[in-house]
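Down below is the structure, laid out as structure tokens.
Read-outs throughout are calculated quantities, based only on the coordinates presented, and are distinct from any laboratory measurement. If you're wondering where the values come from, they're calculated on a predicted model, not measured in any experiment. Glycine gets a Cβ as well: all are built from the backbone with ideal geometry, and neighbour counts include every protein chain shown.
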Amino acid sequence: MTAQSLCIFVILTLNSCTATFWNWLITNPHDLETDISSNLRHDSPVPSPSRPNFAVAKLHSKNSPRPRHKHHHISTTIPPTAAPPPPPPPPPPSQTASISTAQLSRLDDLSSNDEPGQLTCHADRECPLNLFCDLHYGLCKPYKTEQEPCRSDSQCAIGYDCMFGRCTMAAKPGHKGARCNSNRDCLPGLCCARQHGDKVCKPKLQIGQSCFVPDGGLSYWLNELCPCDDGLVCALSPQNADPKSMKIDWFQFWTESNQLHCISIHSSNGR
């Protein structure tokens, strides 16, 4: 056997012995502890406290089972909460009926007292249907119809105009009684003149009607007269004037008695 083979054999033998020893040590740790303890007692009767046996401690720590940690259960006791108070009992049926009746009667009183004249407003759009806003008093009022007093057209119902302080049927444009701004707004035979302060289409004066007008003043400014109709002039009336033609139309406002009347141009030239 060569030296190399001998070395290999020795190494294998040592490894086998080492493995066998460790297997025995793992399976029989208490026997080793007893042997070591007995040897120590024989060698040194009083063990030195300054040199602890680390080998034994290591073996004990390796082979002894690890202590299991005890999970301490912490019990928490929740104090009981106070129970909510019970709901109040419902009122008896008789009381409920009386309350409902009282509320209904109050609503009836409010609706009966809520008259159109009691509704306040600042514009027509704030009033209910068929009511207008009287801006002077700030109250909603119903629209007015034929011959009812008014202050503006907005206070009259549809189809009516506020003429001379009264609601009257609206006249056709250009016809007698219709509003105007100039003579061009009126049909032939009519003129645009003031009547009670409003400019309306009025008929021109016919033959025999009084044509006298003052030089000025409030009376004439409020009630103007139209001039004589075409072919007539305002002059002293002849003695044989027709009494029927002397009647003044209701649109005319006669202010003073005079002798001036509308006469024919030919009659005027003949005198």
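Specify whether the C-alpha gyration tensor of the range 124-243 places it in the rounded, prolate or oblate class, a ≥ b ≥ c being the square roots of the eigenvalues: rounded for a/c under 1.5, otherwise prolate if a/b is larger than b/c and oblate if not. Cα axes put the range 124-243 in the prolate bin.
When you count the other C-beta atoms within 10 angstrom of each residue and take the mean per peptide, 122-129, 228-235, 206-213 line up highest first as 206-213, 228-235, 122-129. Distance check, please: which entries in Lys144/Lys172; Lys172/Lys202; Lys141/Lys176 exceed 22 angstrom between their Cα atoms? Long pairs (Cα-Cα over 22 Å): Lys141/Lys176.
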